[in-house]
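No value in this document is a laboratory result; all are computed from the given coordinates. Bear in mind that the values here come from a model prediction, so they are computed numbers and not experimental data. Glycine gets a Cβ as well: all are built from the backbone with ideal geometry, and neighbour counts include every protein chain shown.
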Amino acid sequence: RLRTTFDARVTMKEAFKFADTVLIQGVQSIVDIINKPGILNGDFADIEAAFRNGGDAFIGTGQGHGEEAVRDATQQALQNPLLKLDPERPPANVIVSVSANWDHLELSGLQSGLNLINGHYQASVPISLCAVDDPELHDKVLVTVLATGCKEQQPFPKHIHGKVGPSPFLIGVASVFD
């Protein structure tokens, strides 16, 4: 994924710094879904269910400020090159996490972000919304989009390293370099 995202002259350090930032934000968002109280709570079972049937997982993160914070953060997350999906491999599940100070977030702002999500994915893809209340964010909104269950077009060889199917580590490494 990094190879197709950046210009050929980008350094390894710059490319991996970008990937690290997205992964750190994504993992933090998953931890927040599980651990922080929310208006719409998610938990470990929701995350586990999204990953249950395998396939690749893609993640995009974004942040916004002010009146259009949710819309801006959602657009950033959907345009994140690490979330770019192959139309031939739609996700089986999508989890959207919106972290904000809910005392200051208007319903219309949340709706504009959700409209972008709904327009981005096929109608048959189930979308779960998790809303994390974080008063420390003030006017900032963080959106994470996690698309899971994107199936490979061609099956992996049955036996790699004595196991059926590929190593999860190898899948992660391979999808970073696609």
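Ignoring aspartates and glutamates fewer than eight residues from residue 151 along the same chain, the ones with Cα atoms less than 18 angstrom from its Cα are 48, 56, 86, 88, 178. 3J(HN,Hα) couplings calculated from phi for the stretch 97-105 with the Karplus curve 6.51 cos²θ - 1.76 cosθ + 1.60 (θ = phi - 60°) are, in sequence order, 10, 10, 9, 7, 7, 5, 5, 10, 8 Hz; Gly and Pro show x.
One quarter of the surface of the convex hull around the alpha-carbon atoms of the stretch 13-105 equals 7.0 nm², the direction-averaged projected area.
For the listed peptides 41-53, 97-109, a ranking on the average number of other beta carbons within 10 Å per residue, highest first, reads 97-109, 41-53. Annotation: amide H of residue 92 within the under-5 Å range of 148, 149, 150, sequence separation 5 or more or interchain, hydrogens built in the peptide plane.
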